[in-house]
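To keep things clear, I will list the structure first and then write my remarks on it.
The values are calculated or read from the model by the stated rules, or taken from the named source; none is laboratory data. If you're wondering where the values come from, they're calculated on a predicted model, not measured in any experiment. So basically every Cβ, Gly included, is an ideal-geometry build from the backbone, and we count neighbours across all protein chains shown. SASA here: full protein model, heavy atoms, side chains in, ligands and nucleic acids out. Shrake-Rupley method; radii C 1.70, N 1.55, O 1.52, S 1.80 Å.
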Amino acid sequence: MKFFIDSANIPMIEKFIDMGIVDGVTTNPSLLAKEGASHPIDHLKKILELVTGPVSIEVVATDYENMLKEARSIAKLGKNVVVKLPMTKDGMHALHTLSKEGIKVNVTLIFSANQALIAAKAGATYVSPFIGRLDDISFNGMDLIRDIVQIFKNYPIKTEVLVASVRNPVQVIDAAKLGAGIATLPPDVLDKMFMHPLTDIGISRFLADWKGVEQKYGNIFDSLK
Ligand code: E4P
């Protein structure tokens, strides 16, 4: 499973990129608005300097013509840019036009399998089903992932399922078990995925047991230098 980082925060992106566990980045207007220090385009350019994998950047226009204008400008920012379009009729019209120009599109705000099917048919590279927001209104987000993964497998659909609006590490395991290709993860969820109390206890025990050896010999690895 590929991991994208669902953030526009440069130190966070850098931290996880340096660990080699992040394959791409997804941003949205809310995430960019949080990083208010510089002009959003300058900020996006800095993200693109850091990331070699796909970086999703969302349009804010809602009508076909202006979506196209914004999407074409966004696409010029870099080879790895993916334009994010919302799941609307204008969005699908723009997607179809852009896909003929070779521009990759991530269709966002997917809340049903029918929406995912339509986006795939119109030429989406990725569909982003928002599982957390479904859970928030008492619908099972993971059921949607199961449905989309199964439906896409039934046909020669190349569109990738990008699990979005992830709120906790259990959802990552569940989505991976269902065979979803990508999950986009907020930094706090990625942080939590590292954790296990037995790992911390294990390190403390090794260090406690080693104290006597260290007192006698110092750092044994120094002798290898
Ligand atoms: C990703 O592409 C989405 O913008 C994001 O996952 C939305 O997450 P949220 O529901 O936590 O805002």
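List the trypsin sites (Lys or Arg not before Pro) within region 29-132 that fall in a DSSP loop (any state other than H, G, I, E or B) and whose Cβ has at most 13 other Cβ atoms within 10 Å.
Sparse-neighbourhood loop trypsin sites (Lys or Arg not before Pro): LYS76, LYS79.
Among GLY123, GLY212, GLY53, which one shows the biggest mean-square fluctuation in a GNM of the chain, springs joining Cα atoms closer than 10 Å?
Taking springs between Cα atoms under 10 Å, the residue moving most is GLY212.
Exactly which GluC sites (Glu not before Pro) in region 47-108 are in a DSSP loop and have at most 10 other Cβ atoms within 10 Å?
Within region 47-108, the qualifying GluC sites (Glu not before Pro) (loop, at most 10 other Cβ atoms within 10 Å) are GLU101.
Just grab the label-to-label distance for LYS46 and ASN114, each label 7 Å out from Cα along the Cβ direction, in nm (one decimal).
4.4 nm
For the chain, rounded, prolate or oblate, judged on the Cα gyration tensor with a ≥ b ≥ c (square roots of eigenvalues), a/c < 1.5 rounded, else prolate if a/b > b/c?
Prolate shape, in that a/c is at least 1.5 and a/b is the bigger ratio.
Of the accessible area of region 148-197, with the probe set at 1.4 angstrom, what percent is carbon plus sulfur?
61 percent
Rounded, prolate or oblate: which one fits region 119-189, using the alpha carbon gyration tensor with axes a ≥ b ≥ c (rounded when a/c is under 1.5, else prolate when a/b beats b/c, else oblate)?
Taking the square roots of the gyration eigenvalues as a ≥ b ≥ c, region 119-189 is prolate.
Measuring from a point 7 Å past the Cα of LYS15 along Cα-to-C-beta, which residues in region 184-223 have an amide N at less than 13 Å?
Those under the cut-off are 186-195.
How much net charge surrounds ASN28 when only other residues with a Cβ under 13 Å from its Cβ are counted (Lys, Arg +1; Asp, Glu -1)?
For residues surrounding ASN28, the net value is 0.
Which parts of region 1-30 would a label at THR199 reach, counting a residue when its backbone N lies under 13 Å from a point 7 Å out along Cα-to-Cβ?
What the label zone holds, given the 13 Å backbone N cut-off, is 21.
With springs only between Cα atoms under 10 Å apart, run a GNM on the chain and tell me which of MET142, MET19, MET92 wobbles the most.
So, out of MET142, MET19, MET92, the one fluctuating most is MET19.
Could you identify which residue out of PRO86, PRO187, PRO29 has the top mean-square fluctuation in a GNM of the chain using Cα springs shorter than 10 Å?
PRO29
On average, how much accessible surface per residue is there in region 1-160, in Å², for a 1.4 Å probe, leaving out ligands, DNA and RNA?
With all protein chains present, region 1-160 gives 51 Å² per residue.
Could you give the length gained on full extension between VAL170 and ARG133, defined as 0.36 nm per residue of separation minus the Cα-Cα distance, in nm?
Between VAL170 and ARG133, full extension yields 11.8 nm more.
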